[in-house]
Amino acid sequence: MKPGMRIKQIVVLLALMSAFSILGNAQSNLVFYNEDEQFNASNFNPAFLTSQKKFTFSIFPLAGMTFGFNNQEVIKDVMTQFLKGDQTTQEFKGVFNSLVDQDLFFLNYETNLLSLGYNSDFGSLNFRIKENVLLMTDFKGDLSDFLMSPTFQIMAIDHPQLFGAEALHYREYSLGFAKEIIKDKLSVGGRAKIYYGKSILFSEVSGKIIERSDTFFTQISGPMRLSIPANPDFNNGILRDLNLAKEFEVGNYITNARNIGVGIDLGFKYKITPEIELSASVVDLGSIKWKQNINTLLFNDEYPFPEDNIDVKIDANGIPVLTKFNDKPLADTIAFKLTLDETAFSKPLPTNIYVGLKYQVNPKLNIGVVNLFSKNKGLNYNSFSLTAHYEATPKLTIITGYSILGNSFSNLPLAVLYKREGGQTYFGTDNLLSFLFPSFSEFSGISFGTCFYLFRAKSIKYQDPLEYLPFYKRKKPKLFSRKG
């Protein structure tokens, strides 16, 4: 996949599918997990719905957004080259090489279009419409380094590498329900979801070096599954371009409902003691059936190495390895032949597994930890966050701490939650350092959202009438505090 010249154009496609999310606002990923009174906390765990107010309402663009990525320079360069329409210059090749150098590159964007919540003695309900965009690549490996890097000289034979990549855009309609099973002790929740896929690129392509009749080959095989409105351009089996279809219309793309899927979220929260709460959840356990605009690319080709540049040796463990003699990238002359497959396929969604623990130090301060494992074939990653939640006033909560997000270790989260009589507003980031020291920080993400409490009971301004003065309204006395 990576070694092929055409794959550099595939990277441009990844940029296209995430272009509109680059311009959006966003919500952080983990900083609010242990703040279950935040109205979007059920995104992490449906059991947190039991903490919502009686009637809640929020609508785009205030309903809450999520945007984070772990390599600011790569995203900026990819988008710059894409918008210039430049896919062949040395600058663009440098962008592709930087993706190879990055162990794991990811970008995620989520925005709630509509959220309606209701709490009653029967349980807590929430209806939500949500837009999701995900971009992940993992091009790092021995084979890609051997083919692309001038300094990587030795490669084991018959040692496969998966070239992981996924770009995904879908909309979800969901209904969540949570209930307190044991009073002040145990709450459980679930969310049923219907997905409508808009586009996907998912790579199951792998490569390895093989030997046959004293000749060494780079062998690349497997599908790159695509469901996008595109017109692939082939020349003698070689993909020359993957342009958007001429009949492409944004309105038709956004309203596309032919790629349907279903899924669920499950979660609980349990008070081990009055001060310690354990919570866990599984989010997006489901899949989408992709049936429209199928342009899957099938790789099944071999490319021989130049004999004057390759030699085989035996390493210290007795394993045969290839050694290249010069520092010219071997991938520069490779162009693999592909075939097109228009068969429908199913693809599981990336599944997120959260486990959190919260300790109430005192009425104003709690300490929380949460671990997130994101499960996706060939693109798994883990994140961890330690946060302190301080209630500065009855209306204002401040959250900060430390996070490890994927392979990014320098992250300082900071967020605020403001609760008022008619609703709440939150704003935060999973990494304040990305704003203070952009060149030093790998991960960046920001957050905001607002909701409103509907049908609130009006505050009573008068005392109950006296028996002998039934029509006289007595105002409530004002409370004054005495100093000293």
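Read-outs throughout are calculated quantities, based only on the coordinates presented, and are distinct from any laboratory measurement. For clarity, every value in this text was computed on a predicted model and none was experimentally measured. Heads up, the Cβs are rebuilt from the backbone with ideal geometry, glycines too, and the neighbour counts pull from every protein chain shown.
Could you calculate the FRET efficiency of Lys183 with Lys291 from 1/(1 + (r/R0)^6), where r is the beta carbon distance between them and R0 is 45 Å, rounded to 0.05? So the FRET efficiency works out to roughly 0.45. Measuring r between the beta carbons of Ile276 and Phe152 and using R0 = 45 Å, the FRET efficiency lands at 0.35. About its Cα centre, the dipole of the range 242-302 is roughly 300 debye, where the only charges are +1 on Lys and Arg Cβ and -1 on Asp and Glu Cβ. The simple Förster model, with R0 at 30 Å and r as the Cβ-Cβ distance, assigns Ile194 and Tyr390 a FRET efficiency of 0.15.
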